[in-house]
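Below is one structure; the comments refer to it alone.
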2 protein chains.
Amino acid sequence: MQIATPYLMFLGDVPDALAAKTAYGIKDWRPEWCVGQMRLPGCKADLGIPDLTLPEALAKGCRTLVVGVVNAGGVLPDHWVTEIVAAIEAGLDVASGLHVRLGAVPAIAEAAERRGCRLHDVRHTSETFPTGKGTKRAGRRLLTVGTDCSVGKKYTVLALEKGMRDRGLDADFRATGQTGVFISGRGVAIDAVVADFISGAVESIAPEAAPNHWDLIEGQGSLYHPSFAGVSLGLLHGAQADAFVVCHEPTRTTMRGVQHPLPTIRQVIDLTVQLGSLTNPDIRPVGIAVNTQALPEDEARALLDQIATEHGLPATDPVRFGVEALVDRIVADFPEA
Amino acid sequence: MQIATPYLMFLGDVPDALAAKTAYGIKDWRPEWCVGQMRLPGCKADLGIPDLTLPEALAKGCRTLVVGVVNAGGVLPDHWVTEIVAAIEAGLDVASGLHVRLGAVPAIAEAAERRGCRLHDVRHTSETFPTGKGTKRAGRRLLTVGTDCSVGKKYTVLALEKGMRDRGLDADFRATGQTGVFISGRGVAIDAVVADFISGAVESIAPEAAPNHWDLIEGQGSLYHPSFAGVSLGLLHGAQADAFVVCHEPTRTTMRGVQHPLPTIRQVIDLTVQLGSLTNPDIRPVGIAVNTQALPEDEARALLDQIATEHGLPATDPVRFGVEALVDRIVADFPEA
């Protein structure tokens, strides 16, 4: 999946910013691709970029209308369909993070066929992948793993991409979730791949590369999460990760969506090394990323110091304190790369 | 997915018995459902059951035409389509293990719609599942796990179903692969489920049950297989297995389809207990099933003795020596069930 950029961001008439979370993520990380937004009357989200009509968006070079919002009830409202069809008629591709497939809406499917535009359903994939082979491939790969879902794995790899490039390293973000796919313009929502092809899909999106090239792979779920551990394990095996960063949210008491307690950071490190060594015996942790948003700054710094000491690894909050410490460790541990 | 029985087995004109492997598996385990076979000129497979015309099959009560064969090249040949459409016109449902969806063939889709018959694509699923919750549920569950793919996991649970029922236990086979779905008339090919829903699908097909009921769940892949470990882990977590049997093929040197060496039985036991304890802390091994087909009988018996002694568990070849020893152990370990 390769999405043409730049984007016109469609926000519909969502009732709050949370319903446009994906759109905000895209705008935060790829502001240069987010040329403008299209909002319908009553929309309560605002990306802080120009509101554009279709002719204005085309004049500014927009190639794709991005539907980075959540719709209530899972059904695409008729007045959104009208706008999406108008965008297609005007010559834009459409990329959507909705559960419903764009092509399942007859008016959209017909318009797309007539105009020859491309419809991308980021939550779905029609791509087929070979099964994973586990054969050692060249290039370096870093994976973010977690004590839970939604603890900052995507943010951490994106911050690392920027931090490593700033340091002159050759590093690319590799998306495995829907927001990530919009941010990179390609990739695969790995949770939408058929089960047999999880590790194979990761081998495809982070293929063999130059020895000093880093693919920074967005992790998903947790090896300790009873709903999603299979996805996390397939990702780990497919990544053949040389290095991993553990992501953690210190105020959570149970894992997201279930009653299970969070594992410790130590447990996640140990299990990741144990299971990851199947496809890369040299896998090692290079740091810990902690979301300290809920803590005052002095407590956050004290917690990070304690976690760093306890595990013998750099610990940081990438949002609050940057990723310098992690990049230092990567450079030190992989001097040739 | 619930497939109406009994079956008329469609063999097409496959060039050998291997291409009809699924059909043979169904006939071996559910001979009472396999009323007859339908073969085209040149067919080199023979299930040893009556060749029936459509009127004969209907007269004998057949409800579903089962396409349990592999077609070369992945395309459904026109002369097979003709026969399938004729079966639909005659009033049969159709269930297929082909990669191509029946509904993707216009002539079949049209006939099915016109006649109101059901098309089952066992390799695909349009069913949606909730994500796994990992919440403890009543009933007992046994899972077969393996040192590799294709080492007898399905055969072992089917043999256990028969052996446990013969002993008066309340036990049901739960299918997770395509042949298994035909054999049980329901279930889900777990490798066709979207990655996020592996454990949730298993929770659905082996739901809460009476405390003394056993669900015997067909395992898939191996926790040590770099292509499929994610599927195996999701299955293990979703099963909340109380008991597991390790399946092994002693002459294999590398895992199927990859260059990785086989893990030891001990490694598989230890990792299954370690990872399975996330959703069932009481998980335990109850035996080892070894495919000794390649060994003379005295060597096979010596090997089984050695494996049993080494692991402190009953070891048998279910095909050659039955599953009595495994059932004995299950009864001893779970006296209340």
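The values are calculated or read from the model by the stated rules, or taken from the named source; none is laboratory data. Remember, predicted model here, so these are calculated numbers, not experimental data. When we count neighbours, we look across all protein chains shown, and the Cβ atoms used for this are built from the backbone with ideal geometry, even at glycine.
Looking across region A:112-128 at every residue that is in contact with a helix residue (DSSP H, G or I) (Cβ under 7 Å, 6 or more places away or on another chain) and over 30 Å from A:G200 (Cα atoms), the one that is surrounded by the fewest Cβ atoms within 10 Å (Cβ to Cβ) is identified as A:R115.
Might you check whether a residue that is over 22 Å from the mean Cα position of the chain (by Cα), surrounded by 21 or more Cβ atoms within 10 Å (Cβ to Cβ) and outside any helix (DSSP H, G or I) occurs anywhere in region B:17-37? Please lay out each step first, then the result.
To start, the set of residues in region B:17-37 that are over 22 Å from the mean Cα position of the chain (by Cα) comprises none.
Scanning region B:17-37 turns up no residue that is over 22 Å from the mean Cα position of the chain (by Cα), surrounded by 21 or more Cβ atoms within 10 Å (Cβ to Cβ) and outside any helix (DSSP H, G or I).
Sub-7 Å Cβ pairs linking a first residue in region B:167-179 that is within 17 Å of B:V66 (Cβ to Cβ) and assigned by TED's automatic domain parsing to the domain that holds B:Q220 to a second residue that is among the basic types (K, R) and assigned to a loop (DSSP other than H, G, I, E, B), at least 6 apart or interchain, are B:Q178/B:R123, ordered by first then second residue. Of all residues in region B:185-211, those being at pLDDT below 95, more than 8 Å from every other protein chain (Cβ to nearest Cβ) and assigned to a loop (DSSP other than H, G, I, E, B) number 4. Only one of the numbered conditions (1) at pLDDT below 95; (2) part of a helix (DSSP H, G or I); (3) buried (at least 19 other Cβ atoms within 10 Å of the Cβ) is violated by A:G73, and that is (3). Against the test of being hydroxyl-bearing (S, T, Y) and out of contact with any strand residue (DSSP E or B) (no Cβ under 7 Å at 6 or more places or on another chain), the options A:S204, A:S184, A:S222 yield a single qualifying residue, A:S204.
Name the single residue that is nearest to A:Y155 (Cα to Cα) among those in region A:270-289 being more than 14 Å from chain B (Cβ to nearest Cβ) and buried (at least 20 other Cβ atoms within 10 Å of the Cβ). Lay out the reasoning, then the answer.
The first filter runs over region A:270-289 and keeps only residues more than 14 Å from chain B (Cβ to nearest Cβ), leaving A:282, A:284-289.
Pick out the ones that are also buried (at least 20 other Cβ atoms within 10 Å of the Cβ) and you get A:285-289.
Values: A:P285: 18, A:V286: 16, A:G287: 14, A:I288: 13, A:A289: 10 Å.
My answer is A:A289.
Yes or no, residue by residue, for (1) of a type outside the set (A, V, I, L, M); (2) surrounded by 23 or more Cβ atoms within 10 Å (Cβ to Cβ); (3) under 30 Å from A:Y224 (Cβ atoms):
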| site | (1), (2), (3) |
| --- | --- |
| B:V85 | no, no, no |
| B:E110 | yes, no, no |
| B:P130 | yes, no, yes |
| B:A138 | no, no, yes |
| B:D148 | yes, yes, yes |
| B:D166 | yes, no, no |
| B:A189 | no, yes, yes |
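Within region B:169-178, the set of residues being more than 14 Å from B:T144 (Cβ to Cβ) and crowded, with 24+ Cβ neighbours inside 10 Å comprises B:Q178 only. No other residue among B:G103, B:G91 is closer than 17 Å to B:I3 by Cβ, modelled with pLDDT of 95 or more and surrounded by fewer than 18 Cβ atoms within 10 Å (Cβ to Cβ) apart from B:G91.
Within region A:244-253, one or more residues are touching a strand residue (DSSP E or B) at 6+ places or on another chain (Cβ under 9 Å), of a type in the set (V, I, T) and buried (at least 24 other Cβ atoms within 10 Å of the Cβ). Residues in region A:212-227 that are more than 7 Å from every other protein chain (Cβ to nearest Cβ) and outside any strand (DSSP E or B): A:N212, A:E218, A:G219, A:Q220, A:G221, A:S222, A:L223, A:H225.
Output the number of residues of region B:46-68 satisfying the condition of being of a type in the set (A, V, I, L, M) and surrounded by fewer than 21 Cβ atoms within 10 Å (Cβ to Cβ).
The first filter runs over region B:46-68 and keeps only residues of a type in the set (A, V, I, L, M), leaving B:47, B:49, B:52, B:54, B:57-59, B:65-67.
Then keep just the ones that are surrounded by fewer than 21 Cβ atoms within 10 Å (Cβ to Cβ); that gives B:49, B:52, B:54, B:58-59.
The total comes to 5.
The residues of region B:228-263 that are within 14 Å of chain A (Cβ to nearest Cβ), under 28 Å from B:D333 (Cβ atoms) and not in a helix (DSSP H, G or I), listed by number, are B:Q240, B:A241, B:L262, B:P263. Counting the residues of region A:302-337 that are assigned to a helix (DSSP H, G or I) and without any contact (Cβ under 8 Å) to a residue 60 or more places away in the chain gives 16. Cβ-Cβ contacts under 7 Å between residues 6 or more apart (or on different chains), taken from a first residue in region B:128-140 that is without any contact (Cβ under 8 Å) to a residue 60 or more places away in the chain and within 9 Å of chain A (Cβ to nearest Cβ) to a second residue that is part of a loop (DSSP other than H, G, I, E, B) and not aromatic (F, W, Y), are listed as B:T135/A:Q259.
Of the candidates B:W29, B:W80, B:W33, the single residue that is farther than 22 Å from B:V188 by Cβ and aromatic (F, W, Y) is B:W80.
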